[in-house]
1. For Cα pairs less than 8 Å apart in space and 6+ apart in sequence, what is the mean separation divided by the residue count of the stretch 3-230, i.e. the relative contact order in percent?
2. State the volume of the convex hull built on the alpha-carbon positions of the stretch 127-253, expressed per residue in Å³ and rounded to an integer.
3. Could you calculate the FRET efficiency of residue 162 with residue 306 from 1/(1 + (r/R0)^6), where r is the beta carbon distance between them and R0 is 30 Å, rounded to 0.05?
4. Using a simple spin-label model with points 7 Å from Cα along the Cα→Cβ vector, what separation in nm is obtained for residue 91 and residue 62?
5. Taking other Cβ within 10 Å of each residue's Cβ, how do 97, 383 sort, fewest first?
6. Return the FRET efficiency for the residue pair residue 125, residue 418: r is the Cβ-Cβ distance, R0 is 41 Å, and the value is rounded to the nearest 0.05.
7. Sorted from fewest to most neighbouring beta carbons within 10 Å, what does the list 66, 196 look like?
8. Note the full-extension length gain between residue 210 and residue 363 as 0.36 nm times their separation in residues minus their Cα-Cα distance, in nm to one decimal.
């Protein structure tokens, strides 16, 4: 956000006030004074009682205050901003009432699901406006004037500039979720454009996992006298999470991954990798070994990404091989084991990755594969979380027995990947090649 905008608005937005710590487990949905329809909705969603971020922010947000919330994925922050917005709509329904900005397409879809569930009683209409989908279809959706728009910044700016008749001049609420990521992904110009065309008289919620200098600048530019709610002051992992490492030679990473998947069969896994190509290759290799694995990364089309999430959520696939695009914000109800196949280069990404398991009081396991090249990165992670991890015990002999099978699966995966990338490599050709290989193995 530009310095010019900050200097204009810093007077209006003094340093955020620290909210009083309302650490009371006694707080119930009823005691927050929610509407009957909302009480019914939270019960339907099986939200037994408010989480800490909800307990501390809702008394302010339900009373028309701007909020800056520092909270991790899995803390219930979507509910913290969706509940006051739906409550406001229950009192006074209005089309184009709220705009929610999210950094990724997947997160946008998940936020919209929660809005629709919370607003089911009033028939709340929510439109998801993200890249990768047909722009004309979206223009038709916007012409129907939904109550809530959940969008990525680039695509909503596109519509504000080019879709005839579409504007947000009567907007009542703006929410920026995962603001640190919105800014890291260079959406500053788009955020400026949005702030320029929406009313100054509005409520604004800003949620972020971290408080960076860019987030502070955005806070000053967009919020008025906000209440600051801090749920997590330092990076920490939840108490129900068992964290392990495996020290393995780089050339045998796939063997050790396969060993762990066999040892812990029956669990659901998220396997995190560094690149889109790794995700594709590892998922193909695991499928060739008979595992129900599916990739999720940024180069997949939007329908394929949503399809991958649906299959994993339903249990049709038990292993999701993902890049960091999937490591934040995704509402995947339960993951038993997180495998860091590649050690994250940014230590903070480790927190977000392992935040996929041990959610909502459950236990979970995270295992990080550390090669001879990853020692320094791994030590940084241990320093960040303030604890030494335990070694995950493996049986060397059992690992090496897998060598032949895994090598063959790697070979076929590499070939399938080449076929899918080559311009002439259609499904038919790939199928023939695969049949030839099967014949050869016989």
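1. 32 percent.
2. Considering the Cα atoms of the stretch 127-253, their hull volume per residue is 190 Å³.
3. 0.75
4. 1.1
5. Fewest-to-most Cβ neighbours within 10 Å comes out as 383, 97.
6. Step by step, r from the Cβ atoms, then E = 0.35.
7. Numbers: 66 22, 196 9.
The order, fewest Cβ neighbours first, is 196, 66.
8. In short, 52.6 nm is gained.
Every number here is computed from the coordinates shown, using simple stated rules; none is lab data. Note that the coordinates shown come from a computational prediction; the quantities given were computed from them, not determined experimentally. Because the Cβ atoms are built from the backbone with ideal geometry, glycine has one as well, and the counts that use them run over all protein chains shown.
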